[in-house]
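> Have a look at this one.
The values are calculated or read from the model by the stated rules, or taken from the named source; none is laboratory data. As the structure is a prediction and not an experimental result, all values here were calculated from the model. FYI the Cβ positions are ideal-geometry reconstructions off the backbone, even for glycines, and counts take in every protein chain you see. For accessibility, only protein heavy atoms count, side chains too; no ligands or nucleic acids. Shrake-Rupley method; radii C 1.70, N 1.55, O 1.52, S 1.80 Å.
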Amino acid sequence: MFNIERWQEIFDTLSKNKMRTILTGISVASGIFIFIVLLGFSTGVQNGVKEQFAGNATNKISVRAGRTTKQYKGLNPNRRIQLKNEDFDNISNTYADYLEYKSGGYSNWGAQLVYKKEFGNFYVRGVDPDYQFIANANITEGRFLNQGDINEARKVIVVSNKTKTELFKGKSPIGEIVSISDINFKVIGVFSDPGGEREESQVFIPLTSAQIAFKGGNNLRDMSFTVAMSDNFDEAVALSQNLVLSIENDIRTKHIIAPNDRAAIRVENTLEKAQKIYSLSDIIKAVFWFVGIGTIIAGIVSVGNIMIIIVKERTKEIGIRKALGAEPLSIIGMILQESIFVTMFSGLFGLIIGLGLLEILGPTIENDFIKYPQVDFNTALITVFILVAAGTLAGFIPAYRAAKIKPIVALRDE
């Protein structure tokens, strides 16, 4: 039974083995500390991976064209491949059953937006209405582009929160007029983007308006699609890969591009990239768990070792207790309480230090691969309880052996 006298007895016993107890405590505490820190950083890696895909849909297929680098079917290299509205329409119609959202694109890098006396350079993207979902653009004021804006080539624009702050000084820009290349556009919406400042350096206008304003005719700079997702992630990746191959083959055939000319046409599949990166993230997490559990096991082994030593040094005491009528269960309980005391105290100490370190340093760690490392408190607490249970098991073996010792043998021990 736990009481003050018993805890004092445990403390006195462990004090006799002060150095061994300290080393065991350090081993256990460092084990849980390392485990908590590694668990926190594995969460940070996962957060970093998610942030990488926050700016755009994970299931996105993007198509861009460049210049040919190889001679093919009598055509010289260095031909510029120009995507057209017709290319977009053909892909949209051919693969309609497999695509969710789709948008052509005609953009102007570094275009200057002017509002009264304020101005700034932004990435002006001419897009279709579906691009809101492809880019994960969250509308915070007004609305996004609609099909009427496309059909009538309306001079309307959707700006970012960054644009709102820099040009409009934080006031609502809805209904205001901005100038792009001396053409006036009316602000109809404001969006925020989880991708951060880089993504918010762009503004959106109707694709048809962009083609007119920037003299693009029926040319496209890029095309974007999202794959209709299925419940099975691997099936979605396989579908996306097949679509990429088919779309690329269609464009190569139409524009007469060599099959091995990688520079002439680039079709990127973010879903495939996501699969690779998420798989890598899972591997990193598994490694962190393996190392963390390994350090905890080392601590538990240390607890078992010190219990063996304590039992050895208290053999005569155990013999006397048994001679006076002590039950085997009381002997086992006596040893287990000492094991639990070392494990719980050291485990909680390592837990507090680990959580404290993540709480202090976690918010300051933010780069492309690790963001906000943290550990769920319930998970950490459950880990400590598992550690205590394992420490109890480690102490049970020497305790059981001690309970089996015959009093006469114990009293003869030197």
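> Given the conditions (1) under 20 Å from Asn184 (Cα atoms); (2) open to solvent by 10 Å² or more (accessible area, probe 1.4 Å); (3) in contact with a Ser or Thr (Cβ under 6 Å, 6 or more places away or on another chain), which single one is not true for Thr165?
Of everything listed in (1) under 20 Å from Asn184 (Cα atoms); (2) open to solvent by 10 Å² or more (accessible area, probe 1.4 Å); (3) in contact with a Ser or Thr (Cβ under 6 Å, 6 or more places away or on another chain), Thr165 misses just condition (3).
> Checking the structure you have, find out if any residue of the stretch 140-149 is in contact with a helix residue (DSSP H, G or I) (Cβ under 7 Å, 6 or more places away or on another chain), of a type in the set (Asp, Glu) and open to solvent by less than 40 Å² (accessible area, probe 1.4 Å).
Within the stretch 140-149, not a single residue is in contact with a helix residue (DSSP H, G or I) (Cβ under 7 Å, 6 or more places away or on another chain), of a type in the set (Asp, Glu) and open to solvent by less than 40 Å² (accessible area, probe 1.4 Å).
> Take the residues in the stretch 238-289 that are at pLDDT below 75 and open to solvent by less than 20 Å² (accessible area, probe 1.4 Å); name whichever of them is farthest from Thr383 (Cα to Cα).
Ranking the candidates gives Leu271 first.
> Quick one: is Phe119 touching a strand residue (DSSP E or B) at 6+ places or on another chain (Cβ under 7 Å) and free of Cβ contacts under 8 Å to residues at least 60 places away in the same chain?
On the way: touching a strand residue (DSSP E or B) at 6+ places or on another chain (Cβ under 7 Å): yes; free of Cβ contacts under 8 Å to residues at least 60 places away in the same chain: yes.
Considered against the rule, which asks whether it is touching a strand residue (DSSP E or B) at 6+ places or on another chain (Cβ under 7 Å) and free of Cβ contacts under 8 Å to residues at least 60 places away in the same chain, Phe119 comes out as yes.
> Can you tell me which residue within the stretch 168-193, out of those that are under 18 Å from Val127 (Cβ atoms) and open to solvent by 60 Å² or more (accessible area, probe 1.4 Å), is modelled with the lowest pLDDT?
Let us first name the residues in the stretch 168-193 that are under 18 Å from Val127 (Cβ atoms), namely 178, 180-181, 183, 185-193.
Imposing the further condition that a residue be open to solvent by 60 Å² or more (accessible area, probe 1.4 Å) reduces the set to 181, 186.
Details: Ser181: 85, Lys186: 97.
The selected residue is Ser181.
> Just to be sure, is Glu86 surrounded by fewer than 16 Cβ atoms within 10 Å (Cβ to Cβ) and part of a strand (DSSP E or B)? First the steps, then the outcome.
On the way: surrounded by fewer than 16 Cβ atoms within 10 Å (Cβ to Cβ): yes; part of a strand (DSSP E or B): no.
The answer is no for Glu86.
> Give the residue, chosen from Ala137, Ala96, that is open to solvent by less than 20 Å² (accessible area, probe 1.4 Å), under 30 Å from Ser240 (Cα atoms) and within 33 Å of the chain's Cα centre (by Cα). Lay out the reasoning, then the answer.
Details: Ala96 fails: open to solvent by less than 20 Å² (accessible area, probe 1.4 Å).
Result of the check over Ala137, Ala96: Ala137.
> Here is a follow-up. Going by the conditions given, is Phe345 modelled with pLDDT of 75 or more and over 30 Å from Lys285 (Cα atoms)? Walk me through it before giving the result.
Numbers: modelled with pLDDT of 75 or more: yes; over 30 Å from Lys285 (Cα atoms): no.
For Phe345, the condition - modelled with pLDDT of 75 or more and over 30 Å from Lys285 (Cα atoms) - is not met.
> Can you tell me which residue in the stretch 217-237 is farthest from the chain's Cα centre (by Cα), limited to those that are in a loop (DSSP other than H, G, I, E, B) and modelled with pLDDT of 85 or more?
Filtering the stretch 217-237 for residues that are in a loop (DSSP other than H, G, I, E, B) and modelled with pLDDT of 85 or more, the one farthest from the chain's Cα centre (by Cα) comes out as Gly217.
> Next question. Here are some conditions: (1) at pLDDT below 95; (2) over 13 Å from Tyr106 (Cβ atoms); (3) open to solvent by 20 Å² or more (accessible area, probe 1.4 Å). Phe214 meets all but one. Which one does it not meet?
(2)
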